[in-house]
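K.L.:
Sharing a structure with you now.
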Amino acid sequence: MIESILSHGVALGAVYALIGITYNVMYASSRVFSFTAGTVGMLGGVLGSVFISTLGMPVIVGFLLTVLAGALLGLIIEFVAARPVLKSLDQHLYVLSTLAVSLILLQLTAIYFSTDAVPFPQVVPIGPGIFDQKFWLPILACVVTVGGLEYLSRNTLIGRAFLAIAEDNYAARALGLPEQGLRMVSFALAGVIGVVTGFAAGQMMFASLANGPLLNFYGFVPVALGGMGSNRGAVIGGLLLGLFQQMANYFFGGVFASVAVFVVFIVVLLARPEGLAGSATARRV
């Protein structure tokens, strides 16, 4: 029992953490909280299934094409849903614009793919038990993503430019940093992280249209729990969420498990509105 809760919980938590990071990467450069993150994650599983299973491509080719599609999708989201809103006086319209794009993507997937869950092809034939790829592949994707983002922000010029934009986009723009170009790169990077998440979680969650709304919500919870913009907080929140969800499923099951998740989510936010890894922002009075 404990082994099953840990293996499923950590793997699922890694998926939630990666979607939370997808939210954060888009938010950091634009202050747009894009509700397309979970839908992009869903498309990672769908596209991987289409490229490998339906079209018969080798796994590595299918993966690279999925990554390329994710980057292109991120650019489209930035151009269609984020850029027009940032030109508006009421920038909170991103709630409607990103939700609209998310719904369009879901409908297109339903039309051209399927509304049913489709088994995902095996990527690496290692198993069974806890060594099955459906457990360690999402964890590996999470570790590589977090490590890559840390290296990018600490050791590269573009990573430091991202940090400057995230800290104060007006000051960064005054220093001559190309805000729009950096925003486009960040959305493309978020698209890549999203589809890699869906691809890595394919064996565990299948290629399914239903993963879009599910990942949109459960990927948002780690961001709220960990603190807006904090990737480390998203990882902590995602892993805690995955483990707690699996324990709640075991002890309560069904709808009661979801109720338990909501209750803990609300309690944590009441105790720490800034999140577990966030810090309270000072307000000038």
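The values are calculated or read from the model by the stated rules, or taken from the named source; none is laboratory data. Note that the structure is a prediction, hence the values are computed from the model and not measured. Please note: Cβ atoms are built from the backbone with ideal geometry, for glycine as well, and neighbour counts cover all protein chains shown.
K.L.:
Quick one: GLY253 ticks every box in (1) at positive phi; (2) at pLDDT 95 or above bar one, so which box is it?
P.N.:
(2)
K.L.:
Specify the residue that is nearest to PHE63 (Cα to Cα); the eligible residues are those in segment 195-215 that are surrounded by 24 or more Cβ atoms within 10 Å (Cβ to Cβ) and among the polar types (S, T, N, Q).
P.N.:
This residue is THR197.
K.L.:
Yes or no: segment 23-31 includes at least one residue that is surrounded by fewer than 24 Cβ atoms within 10 Å (Cβ to Cβ), at pLDDT below 95 and of a type outside the set (Gly, Ala, Ser).
P.N.:
Checking segment 23-31: at least one residue is surrounded by fewer than 24 Cβ atoms within 10 Å (Cβ to Cβ), at pLDDT below 95 and of a type outside the set (Gly, Ala, Ser).
K.L.:
Given segment 113-188, what helices (runs of 4 or more DSSP H) lie entirely inside it while holding 2 or more residues that are of a type in the set (Phe, Trp, Tyr)?
P.N.:
Fully inside segment 113-188 and qualifying: 133-155.
K.L.:
Might you let me know whether segment 41-58 holds any residue that is surrounded by fewer than 19 Cβ atoms within 10 Å (Cβ to Cβ) and either under 14 Å from SER102 (Cα atoms) or among the charged types (D, E, K, R) (or both)?
P.N.:
no
K.L.:
Only one residue in GLY229, GLY219, GLY233, GLY238 is part of a loop (DSSP other than H, G, I, E, B) and either among the charged types (D, E, K, R) or closer than 24 Å to VAL25 by Cα (or both), so which one is that?
P.N.:
GLY229
K.L.:
Within segment 259-282, is even one residue more than 12 Å from the chain's Cα centre (by Cα) and modelled with pLDDT of 85 or more?
P.N.:
Filtering segment 259-282 for residues more than 12 Å from the chain's Cα centre (by Cα) gives 259-282.
From what's left, modelled with pLDDT of 85 or more: none.
There is no residue in segment 259-282 that is more than 12 Å from the chain's Cα centre (by Cα) and modelled with pLDDT of 85 or more.
K.L.:
Among the residues of segment 176-199 satisfying the criterion of being of a type in the set (A, V, I, L, M) and more than 12 Å from the chain's Cα centre (by Cα), which is farthest from LEU65 (Cα to Cα)?
P.N.:
It comes out as LEU177.
K.L.:
Of everything in segment 59-94 that's within 21 Å of GLN180 (Cα to Cα) and hydroxyl-bearing (Ser, Thr, Tyr), which residue is surrounded by the most Cβ atoms within 10 Å (Cβ to Cβ)?
P.N.:
Among them, the one singled out is TYR94.
K.L.:
Continuing with the same structure: Which condition number in (1) over 21 Å from the mean Cα position of the chain (by Cα); (2) of a type outside the set (S, T, N, Q); (3) surrounded by fewer than 18 Cβ atoms within 10 Å (Cβ to Cβ) is the one that ALA161 fails?
P.N.:
For ALA161, the failing item is (3).
K.L.:
SER88 fails exactly one of the following numbered conditions: (1) of a type outside the set (D, E, K, R); (2) assigned to a helix (DSSP H, G or I); (3) at pLDDT below 85. What is the number of that condition?
P.N.:
Of (1) of a type outside the set (D, E, K, R); (2) assigned to a helix (DSSP H, G or I); (3) at pLDDT below 85, only one is false for SER88: (2).
K.L.:
Could you check VAL15 against (1) closer than 30 Å to ASP168 by Cβ; (2) in contact with a Ser or Thr (Cβ under 7 Å, 6 or more places away or on another chain); (3) in a helix (DSSP H, G or I) and say which number it fails?
P.N.:
In the conditions (1) closer than 30 Å to ASP168 by Cβ; (2) in contact with a Ser or Thr (Cβ under 7 Å, 6 or more places away or on another chain); (3) in a helix (DSSP H, G or I), VAL15 misses (1) alone.
K.L.:
What are the residues in segment 25-64 that are assigned to a helix (DSSP H, G or I) and among the aromatic types (Phe, Trp, Tyr), if any?
P.N.:
TYR27, PHE51, PHE63
K.L.:
Hey, can you tell me all the residues within segment 241-260 that are over 25 Å from VAL25 (Cα atoms) and of a type in the set (A, V, I, L, M, F, W, C)?
P.N.:
PHE244, MET247, ALA248, PHE251, PHE252, VAL255, PHE256, ALA257, VAL259, ALA260
K.L.:
Here are some residues: SER102, SER97. Which one is assigned to a helix (DSSP H, G or I), crowded, with 16+ Cβ neighbours inside 10 Å, free of Cβ contacts under 8 Å to residues at least 24 places away in the same chain and among the hydroxyl-bearing types (Ser, Thr, Tyr)?
P.N.:
Exactly one of SER102, SER97 is assigned to a helix (DSSP H, G or I), crowded, with 16+ Cβ neighbours inside 10 Å, free of Cβ contacts under 8 Å to residues at least 24 places away in the same chain and among the hydroxyl-bearing types (Ser, Thr, Tyr), namely SER97.
K.L.:
While we're here: If I filter segment 1-22 down to residues being more than 18 Å from PHE206 (Cβ to Cβ) and among the polar types (S, T, N, Q), which single residue comes out as surrounded by the fewest Cβ atoms within 10 Å (Cβ to Cβ)?
P.N.:
For segment 1-22, the residue satisfying everything is SER4.
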